[in-house]
Every structure is written in structure tokens, then in C-alpha cells.
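One structure below.
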Amino acid sequence: MLPTPDAPVGGAWSSSHVPGVWTMQGTDDLPQYLNVRMPFPEFPPHSPAANPTGVYERAVDVPAEWAGRRIVLQVGAAESVLLVHVDGQPVGMSKDSHLAAEFDLTGRVRAGTRSVVRLTVVKWSDASHIEDQDQWWHGGITRSVLLYATDELHLSDVTVRASFDGSLRVDCRVRDTGGALPEGWYVSGELDGRLLTQDAEFDRFNREDERVSDFLGEARLTATVPDVRTWNAETPELYDLTVRLHRADGTAADTSRHRIGFRDVEITGRDLLVNGERVFIRGVNRHDFHPLTGRTVSYDDLRADLVTLKRFGFNAIRTSHYPGDPALYDLADELGFYVVDEADIESHDHAHEIADDPRYLNAFVDRVSRMVLRDRNHPSVIVWSLGNESDYGANHDAAAGWVRRHDPTRPVQYEGAAKLDWAATGDATDIACPMYASLEECVDHALSGRQTKPLIWCEYSHAMGNSNGTLADHWAAIESTPGLQGGFIWEFWDHGILQRVNDGRPVGRGGVGLYDNGVAAPGHRWAYGGDFGEALHDGAFIADGVVFPDRTPKPVMYEHREIAAPVRIECFRHEGIVLGNHQHFRGLAWLAGEWELSLADGRTLTAPAELPDLRPGETAAVPLPFTLPEDGGEAWLTLRVTTAADEPWAPRGTVLCVPQVRLREAVPQAPTASQNRSVEVDDDGLLVHPLLTSAPTLSLWRAPTDNDELGGMAPRWRDWGLDALVRKVTDVRRTPGRVTVQAEYACEAGVVRHAQVFTAVEGGVHVEESAELPEQLDDVARVGCVFETVAGLDLMEWYGQGPWESYPDRAFGAPVGHHAVPVDELFTPYLRPQESGGRHGVRHFTLSAPDATGLAVALDEPRQVGVSRYRAADLTAVAHHDELVPGAGCVVHIDAAHRGLGTASCGPDTFASYRVAPGVHRWSWTLRAL
């Protein structure tokens, strides 16, 4: 039952943070996560009778100097129905949870007196059915509440159109709260101090066409800016625009200030152009989220989000799936991002019914039009989106028609209008923006001759857990296939809410300092669906971002950074290096570089790099910065590219990319056997070694990633019994300095034969292994060996790809070199524990104690290696990291083959080339003591 406007619920008031959600502030209505399903069974437009409701009340002193002025109450956002009362009298209501609602209080409050403002927020309504986004359900006032005053004569609207050629048009609408407009009013403007011109022709046309009225005034200002500095995501040049409304005596009644950018957006054929250039859209989907406040984000939060994205090569944001906080667009203008602005429309659970339901027609048009009216003056906004996952119907066409009439300067997109026919020419989308369509499907379409629109994925590469495999493969195809222009990774955040373990409640605003580097403090954890006792939930599907809940970058961020590198090494030829500028608008003068030569024998050489003066798209050859030593083995040349000076989003010296090229391949060297030494194995044919607590055995299983589980691979592996293989020794043969062991591992799909040959070598043992997988064991997680070490080995050093985590289909951003990471930091704390911490392309590694004792492993060729404090069974058995108990020693995996990651939790699986095939797999390695 809704509270009456004159009595508090329960008879007592408590304080609440506004903006904020009550679901994070100690109430019994806790957060709930669902992806598609609605949290109540009622069909549209109905809502449940048991309906959480918050009543906010505050006494406000209205300044005496506001006498005779227009007074407005603005509520930035409220979920989902907002009812406003002032001094006990109803004022109005609003239903859009992610756009501001304004209420004219002129005549309802008196200047110099105190009024009581009551905001009643009702959680569920008919509007909830079109706010069914894949996120936490909350309730409350999520953006700021503002009371402000203007003159009765005021600017009701200012529309700016600033074009790439320097032409500027400013359209103004004027109203007077007191009634008819006074005689003699006029509008003036300045752009960076330059006076704008009043458009007399526009005024004359309005008079002759009888468009002039007593209650609405229109005026137009124009200018042409010579040598205009244009806006784009690489060089986001902004100008200060001031518009003033004057009374007849010349005094200013109202002033409106804007930061504007001169740029054009158009579609030509299959290309989306910004200022006439075809730009790649390196995007990410972004929700308003914070682990302590839920949906409420501050200006500093927003800036930190965008700074993080900018440093890792992103240039575009899709505001999934509603308009963002207004400050987001100011920051996108300033820092340089292309924005797909998306309306607050998602009817996922009832999409088909609502798309053509006339009862929701006004809501569709209202939400889209109000978004456009609010954000149209931002140069960062280059595309309007009609919403997300709401099928396709007449309501979308109506909203698209309004946008096209009102703002012909930007394209419109909607995934649902083109998902069945990407070559469709309907009015609801100008861009083919598929969701998780496979790369093969998209390339085939682009090459088919049927494509008529730019193809930019609205969602691809789902970042749930250890994921984002084949991202580099996608971009190799995008950059080489006309018609493909990029896409938006799903998504920016892992939406884990900081939760106390002892009582299972959100920590709220008091949790600052209780997390670091993606890890929650002891006694706390990152909560996901089901952790607040919800009967209906969708588990960890809410944890699908490229950063952890505290904004710590996941390893995929380094992959993306290298894919988006502004400077690349194109090739090594004729004793020189060919560099290329892969930006769209900017030269290389803003960048600095350093060369690094990494040799397999442990040497690393460095030298300053002078980057050539290259325009976008140009290449140039530069001399090899080093004389390559004749010895040293395999050699890799890396160019470390940094900012040369402070940028608004990065201080001087920030690393932007580390492109590299191999100058010399490795020469395989087999270890020399030592017949004077012996190899010890026990009665079961297991290697006995003083540094190992568990001998190397065959491993075909990994702790399933989210992609493995939701993509159906892990259930198949369990059915085969790969998580509980039983070893049976069939033969042990001993010769001087050598032991050969044959073993079988029986599973539901057949028998796996595993052979190990242990050979004594100087200072250690050389291990040659083979595993024969029957044809039925197609596409397993890995083929390799696993063993465990003694305690006290705390540091891993290796030559190979790193230093961050990498896997066969996500290794483009991990350069080859010499790396060192403490063992406890190798593990990546994905919200649901799973396979993590692997390093791809490892040539050799050591595990050492503080006194430099330990073990060294040399591999026959670059291999996937995993070192952790946890066994795969430990990770598989728990749902959260607070349940894990680290071991004292190291669990070491050496893989002959390791399955790629893919994105099958929501999207395509990894490619066939990254899957583990049946047949015989061979690998070898040498173990020595340090």
C-alpha cells in the first residue's frame, strides 16, 4: 500500500543517503540479480501488490531572493515510479528510472519560507517491464536532487549544431512562466569570445510563415569558425559557447553555457564516418555501477572509469542499457569517446508482446525523445540507440521516426531491427549491430555482396570470468574486412557487491578500503546472484566485465591495449624495423618510445626510440636499434610506447602499448643424458624428487571457466570422468640412468595411454611424455602433466609471454620477455573461482625461495604453464574466494595443449584451431634444482 502524503511509514523516520539506493542501506529489501526473467510473475502492465516503497521527506528553505522567479525541482533519477508532494499537495509523477524529472514549483512554494518536499519512490510498476535490464534490481533515488530558480523569462531549449567545416548554428526557444512573452526580447551568443550573428533570415521566415506566437519565442544564432579545431575521440577539441537571453533593455534574463565540438557523423555506403574518416569502434558496454553504492556513481567514479578505458585503448562507449549520468557525457566530450546513447528500454522477459503494444507506445517515444533532447549537444554522442533486447515492433518505428525528424545529424541503431536481416533497409536502424554473432558469420556477410550497412557489434566477446578468447582474431578480421568496423565488448564492470560474510548484507558506503587489486578483505566477498538469499537469480552472470568490482583491470585489458595500439611494428626486414601509425587523426608527436631487446639467455638491452613523424595510416622504416649478439639464443625486440607529456587521462610515461617482433628463433637443444646418475621412481612408477611433494601425472581437466560451464563443455568433461581420472601403471622399465613408465587412465570415453621417460641429466631429470587420446575424447580442457612442490617457493621467474595471465587464444597482449611475479599474485581472482593464472608461451621458469633455492624447469618448446596455490579440484569445489584455503606448496601444470577460452558463456566458443584434438600429444621438460 502506498503511503499517504501526510504520514511516515511505520510512524518513524530514519536517515538515508541521497543519491543512493535503499537496497544498499540496511533495509530488508536487498539487491536481486536476474538477467531475463522478471522478479515477479505478473504480466505487463501489472505489478505485484507487495511493492517496496521508499518515502523521502526534507524541509527546504526557499531563498528570499527567489521571489518572482521560476522555481524548479529536479530529481536526477528514481527507480522506478516517483511521486512528488510539496507541503502535502501532489505535484506530479515520473516513471523513467534513468532520466531526470523536473517539476515546476512556481506558485507552490514561497520565497523566504520553508516547504516540505516529499518524494515517494515505488519500486515496481508497469514501467518495470521495460526496464528489464541484465543487472541488479535496486530501489531508490540514484542521482542528485536539485532545487533551482530561473527568471520567468528563460531559455527553455538550446540546440547546437557544430559541423566539421566550422559552421555553427544555435537554435533557441524562449518561454515566460508569467504568460505571454514580453516585447523586445532577444538572444546573443559568444564562442570563445567571438560574437555570434543573429540569423535575420530565420526571423523573417518565422514572421512570414506565421510561426511567431505570444507564448513561444524562437531565435537562431550562427557563425563560421575559420581554421576550426575539430572534435574526434583522439583530439577532442572543445569550444566554450555562451548563450544569453536579454530583455528589451539589454539586461540578461537567462544564460546557458555549453562546451561544444565541431564534428560530423554520417554513413556512406557500408562505412560510419566521423569527420569524413572511417573510424574503428573499439568499444565497451557500460552500466552505472559501484560496489558500495549500487547504481549511484560520483563524478570522480565516472572520470576514473573513462580514464581506465582510455589508457587501455578503448575509444567508444555504449550506455547499456539506459542513458548515463549527465556527467558521463561531459567527460566523454572532454577525454574523447564515441558514445552510442541508449534509451531506457528493455523488455526482455516480455519483449514480443510489448514491442507492438499500444499501451507502451508513449513510453517508448517519451524515453527516446527525452534522451535525445537531453544529450544532443554533446559531440561525443554519435549514434542514438532505441534500447536493447525488446524484440522489434511498431513502438520502435515510432521512436525512430521521432528521432529522424528531430535530429537528422546522427544515425539510429537498434539491434532487434536488423538481427534477422542485416541487409534490411527499414527505418529503425542505420547500422547492422548484431549481438554475439560469430566472426565467421559476420565476415561471410561482409563478403557476400548483400551488406548495405556498417556492421558494428553492439555486444561481442563476453567478459565473464576467464574469458575474451579470440579477441585478437576478431580484430585481425575487422581491420582486414571492408564492412566490419568494430564493436562493443560486454562489459566494463564485474557487478560484484561488497558483502559481509558473517551476516550476508551489503557493506554500503562504509566499505571503502575493504578491497584492493580485485580482492575483498578478509570477512568480506564480492556477492553475485543468489548471495542475498534471492529465490530467483542468475548467479555469477552479473560478473562479466573487463575490470573487477574495484576497477582493477583484468588480464583482457592488456590484450585490448595491444590490439588498439596506436603504433605497431609492421615487420622486420633488411636490418630495419617498419613502424606504422594506426590512429585515424593524430600523428606520433604526442608519444615517446623505448626499445628493449630480450635474449633467451637472460640478457635485456634497452635504448631510447625516436618515433618517426607519421601521419595516420603511414608507415616508415627505422634502423635496427641494436647490433644483434651472435649468442644468446632466441631474441625479441619490443617497442615500449608511452605518453610523451601529461594527457588529461594519463600522466607522462603511461605505457600505451608494447608491440614486438622476433628477430631470431630459438635453436632447440636437447639435454645430455648422464648414465652415471640415477632416476628414482616408486613402486607405482611415480617420480621421486626432493623438491616435489606430488609426482607429475597426466592432467586433462581444468577448473571450469564460466565459458566451460555455460557453454556445455564442463558437463561433457564430467560425464567423461576427466575430473577424477584413475591411474593404472601397466609397465615400468629401468635401464642405467633412465626409467620408462607406461600408464593408463580409464574414462567413460575410452582409455588414455600415458608414457613418461625419466632420464638423468646433469643436475636433474629430463622428462619426455606422450598421451594418446581416443577419438571419443574430442575437445578436452588440456593435455599435460601436473605436480606439486615443497613449501616455501614464493617467486616465479620465467622467459616467455607475460607478465599478466595469458592463454592460447588470449595472448596477443602478453609480450615475450623475462618476467618475475610472486606466486601468490599469479592467480587471477575471478569472482567465481575457476581456471586462472596461466602463462602462455613459457620457454623456461624457476620457482624459488627467498634464499634463492628452488627448482628450474626448461621446456622443449613454448608451452602453457600454470602455477598456483590451488588444485583444480579446490577451485571447482567452491563458489567464492573466501572459501579457498591456499596450499603451502605450488601446484604446477605444464601443458602440451591447452584449450582456448572463447566466450561461450554468452556468445561464440573459441575457434577450432584453439581446441584440443584427440590423438597423440608429446612434450618434454627438464627439472633441476637451483
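Okay, here's what the table says:
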{"quantity": "Long-range tail of P(r) for region 66-189 (Cα pairs > 19 Å, %)", "calculated": "61"}
{"quantity": "Distance between region 501-525 and region 163-222 - C-alpha centres, whole angstrom", "calculated": "54"}
{"quantity": "D (Stokes-Einstein, µm²/s), Kirkwood Cα radius, region 809-851, 1.567 mPa s at 4 °C", "calculated": "104"}
{"quantity": "Tensor-based shape of region 566-658 (alpha-carbon gyration tensor, a/c under 1.5 rounded, otherwise prolate or oblate)", "calculated": "oblate"}
{"quantity": "For Thr654, distant residues with modelled amide H under 5 Å away", "calculated": "Thr643"}
{"quantity": "Kirkwood-type radius of region 153-260, with distances r between different C-alpha atoms, in Å", "calculated": "14.7"}
{"quantity": "Cross-link partners of Lys453 among lysines (Cα-Cα below 16 Å; sequence separation of 8 or more within a chain)", "calculated": "Lys419"}
{"quantity": "Whole-number percent relative contact order across region 294-376, with pairs defined as alpha carbons under 8 Å at least 6 apart", "calculated": "27"}
{"quantity": "Exposure proxy order (Cβ contacts within 10 Å, fewest to most) of Thr251, Thr197", "calculated": "Thr251, Thr197"}
{"quantity": "Normalised alpha carbon radius of gyration of region 446-565 [divisor 2.2 N^0.38 Å]", "calculated": "1.36"}
{"quantity": "Length-normalised contact order of the chain in % [C-alpha pairs under 8 Å, at least 6 apart]", "calculated": "9"}
{"quantity": "Reduced Cα scattering model of region 692-929, Debye log10 I(q)/I(0), q = 0.08, 0.10, 0.11 Å⁻¹", "calculated": "-0.28, -0.45, -0.55"}
{"quantity": "Listed residue (Thr120, Trp422, Trp923) projecting farthest to the positive dipole end of the chain, Cβ model", "calculated": "Trp923"}
{"quantity": "Distance between region 753-821 and region 561-602 - C-alpha centres, whole angstrom", "calculated": "30"}
{"quantity": "Near-label residues of region 321-337 by backbone N, under 16 Å of a point 7 Å along Cα→Cβ of Arg652", "calculated": "none"}
{"quantity": "log10 of Debye I(q)/I(0), alpha-carbon scatterers only, for the chain at 0.04, 0.06 Å⁻¹", "calculated": "-0.22, -0.49"}
{"quantity": "Computed over region 496-542: relative contact order in percent, which uses C-alpha pairs under 8 Å that are six or more apart", "calculated": "37"}
{"quantity": "Under the Debye formula (equal points on every Cα, no solvent term), log10 I(q)/I(0) of region 9-149 at q = 0.15, 0.21 Å⁻¹", "calculated": "-0.77, -1.30"}
{"quantity": "Estimated dipole of region 774-930 in Debye, rounded to 20 [Cβ of Lys and Arg +1, of Asp and Glu -1, Cα centre]", "calculated": "300"}
{"quantity": "Rounded to 5, the percent of DSSP beta bridges in the chain classed as antiparallel", "calculated": "90"}
{"quantity": "Dipole in debye (nearest 20) - region 566-658, about Cα centre, beta carbon charges: Lys, Arg +1; Asp, Glu -1", "calculated": "340"}
{"quantity": "Cut-off of 10 Å, at most 13 other beta carbons, DSSP loop: longest stretch of the chain lacking such chymotrypsin sites (Phe, Trp or Tyr not before Pro)", "calculated": "216-930"}
{"quantity": "Segment Thr409-Trp185, extension gain: residue separation times 0.36 nm, minus the distance between their alpha carbons", "calculated": "77.7 nm"}
{"quantity": "Cα-based helix-to-principal-axis angle, 394-406 vs the chain, degrees rounded to 10", "calculated": "70"}
{"quantity": "Enclosed volume per residue, in Å³, of the convex hull spanned by Cα atoms of region 741-832", "calculated": "180"}
{"quantity": "Region 343-482 shape via C-alpha gyration tensor axes, a/c threshold 1.5", "calculated": "prolate"}
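Computed from the coordinates by the stated procedures, all read-outs in this text should not be read as laboratory data. Remember, it's a predicted structure, so these values are computed and weren't measured experimentally. Note that we place each Cβ from the backbone using ideal geometry, even for glycine, and neighbour counts take in every protein chain shown.
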